[in-house]
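The structure under discussion appears below in the form of structure tokens.
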Ligand SMILES: C[S@@+](CC[C@H](N)C(=O)[O-])C[C@H]1O[C@@H](n2cnc3c(N)ncnc32)[C@H](O)[C@@H]1O
């Protein structure tokens, strides 16, 4: 990984900005090499760390949705410094409002790393945006082992999120039109494709 991204990851960790873990990054890089997307949609861009990783490891253009103004400002700067801005479209706002506005567009690769408590509701917003042979990766689906691995839920504020993530995975796995794998990589990844 180049020095800029090493420093950007350090900056994120020092400032408590949650960005993808190392093995998630490696998995995404391999999957991008395999799938060669032309268009990527990222929901939850933060400061553009995972977005930069995906851009630097593909030929794709990236559309990102992000709600936090301070994060957006940092992401713009980070994409610019790396010469990536021309390949990035940033949609500023709440993904629950912005995703429906993308109706009619299609993406080869979707990376969901936004509000975990909304993952279940987002299924019906995301599937119409996925190309027939596209791939959709969602991060944090095992949520520190609490979702399927029997880790206790340490505080009441996590209860709803954990239940939403359980329902999210069950819904994807039980959809007869989808193929979903749940991987113990990083904080848990689900990888969804349409059955062919
Ligand atoms: C885990 S961080 C994303 C990290 C980023 N993908 C990376 O690895 O570099 C989640 C991001 O989702 C954003 N977010 C949370 N709720 C959102 C919403 N409803 N709409 C858009 N963005 C949201 C947060 O502001 C935060 O920047």
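None of the figures in this text is laboratory data; all of them are computed from the coordinates on show. Source: prediction; values computed, not measured. FYI the Cβ positions are ideal-geometry reconstructions off the backbone, even for glycines, and counts take in every protein chain you see.
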Note to self: Only Cα pairs within less than 10 Å get springs; with that Gaussian network setup on the chain, which residue of 163, 59, 14 has the largest fluctuation?
What the structure shows: 14
Margin query: If packing is taken as the average count of other Cβ atoms within 10 Å, what order do 113-123, 178-188 fall into, highest mean first?
Written below: 113-123, 178-188
Check: Which order results if 110, 6 are arranged by neighbouring Cβ count within 10 Å, fewest first?
Finding: 6, 110
Item checked: Counting DSSP beta bridges with both ends in the range 15-137, the antiparallel % (nearest 5) -> 0 percent
Item checked: Computed [θ] at 222 nm, deg cm²/dmol, the chain (DSSP H ≥ 4; -39,500 (n - 2.57); rounded to nearest 500) -> -12000 deg cm²/dmol
Next item on the list: Choose one answer from 175, 78, 57: the residue with the largest mean-square fluctuation in a GNM of the chain with alpha-carbon springs under 10 Å.
Entry: 175
Checklist line | Gain on full stretching of the segment that runs from residue 33 to residue 84 - 0.36 nm per residue minus C-alpha separation | finding: 16.5 nm
